[in-house]
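Laboratory data are not the source of any read-out in this text; all were calculated from the coordinates shown. Computed from a prediction, not measured in an experiment: that's the story for all the values here. All Cβ positions, even for glycine, are placed from backbone atoms using ideal geometry, and neighbour counts span all protein chains on display.
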Amino acid sequence: MRVNGIEHELQLDPRVSLLDTLREHIGLTGTKKGCDQGACGACTVLVDGERINACLALAVQYDGRDVITIEGISRDGVHPLQAAFIEHDAFQCGYCTPGQICSALGMMAELRAGMPSAVTLDVMAEAIAVTEPELKERMSGNLCRCGAYVGIVDAIREMFARAATG
């Protein structure tokens, strides 16, 4: 399995989830186990650039694919989205933050690719407007018990503004 650019040779029971593989067999504990039912998003990781709930995925399904966890999103320190989360106080206890950040990165790629959401007004538009309802809908699968949603949306919005200007 290739995780954060590193190949891992693993002998696993085929019923082991990707989440348990990351945490218990590879030692990457940044990805959190929240509900273990795919409802909270704390376990969100990127696979080939797409966001998934690692608790619902079997590790064997991802053999040969690129898995990126929170530990692997930046090769040289703090990722700009992590910095934006800090700047906008987008976390309180921090438990959901790794999943929020991975989900936001996947969501940003979806928006750039023109993938509509349930609240996209014009599904035929070449570019989807990065509105507050659009961001909230796209991040709705990631829950924060502390209620840091305002900061989370502000941090993501800042990332889109940075990308548009630079």
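By how many nm would the segment from residue 78 to residue 39 lengthen if fully extended, with 0.36 nm per residue of separation less the alpha-carbon distance? Numbers along the way, then the final one.
Details: separation 39, 0.36 × 39 = 14.04 nm, distance 2.76 nm.
Full-extension gain reported as 11.3 nm.
State the extension gain, in nm to one decimal, for the chain segment bounded by residue 65 and residue 150, taking 0.36 nm per residue of separation less the distance between their alpha-carbons. The partial results should precede the final answer.
Values: separation 85, 0.36 × 85 = 30.60 nm, distance 3.37 nm.
Using 0.36 nm per residue and subtracting the Cα-Cα distance, I get 27.2 nm.
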statement: Correct response: the longest run of the chain lacking exposed GluC sites (Glu not before Pro), defined by DSSP loop and at most 10 other Cβ within 10 Å, is 10-125
field: Where N is the number of residues in region 80-165, Cα Rg divided by 2.2 N^0.38 Å
entry: 1.04
message: Let me spell out the model: positive unit charges on the Cβ of Lys and Arg, negative unit charges on the Cβ of Asp and Glu, origin at the Cα centre of the chain. What dipole size does that give, in debye rounded to 20?
response: 240
task: May I ask you to compute the full-extension gain from residue 161 to residue 6, defined as 0.36 nm times their residue separation minus their alpha-carbon distance, rounded to one decimal in nm?
output: 52.6 nm
query: Top mean-square fluctuation among 63, 89, 36, Gaussian network model of the chain, C-alpha springs under 10 Å?
result: 63
task: For region 137-152, take each phi angle, set θ = phi - 60°, evaluate the Karplus expression 6.51 cos²θ - 1.76 cosθ + 1.60, and give the result in whole Hz per residue in order, putting x for glycine and proline.
output: 4, 5, 9, 5, x, 10, 9, 10, 5, 7, x, 8, 4, 4, x, 5
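Average the reciprocal distances over every distinct pair of alpha-carbons in the chain, invert the result, and give the Kirkwood radius in Å.
Numbers: mean 1/r = 0.0612 Å⁻¹.
Kirkwood hydrodynamic radius for the chain: 16.3 Å.
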Choice from 116, 80, 14 showing the highest fluctuation, given a GNM over the chain with Cα pairs closer than 10 Å: 14
- prompt: Under 5 Å between amide H atoms, partner at least 5 residues away or on a different chain: which partners does residue 2 have, H built in plane at 1.01 Å?
  reply: 8, 64, 65, 67
query: Taking a spot 7 Å from the Cα of residue 16 along the direction of its beta carbon, which residues of region 35-65 have an amide N less than 18 Å from it?
result: 54-65
- request: Pick out which of 68, 26, 52 has the largest mean-square fluctuation in a Gaussian network model of the chain, springs linking Cα atoms closer than 10 Å.
  value: 26
field: Rounded to whole Hz, the Karplus (6.51, -1.76, 1.60) HN-Hα couplings of region 117-124, x for glycine and proline
entry: 10, 5, 10, 5, 6, 10, 5, 9
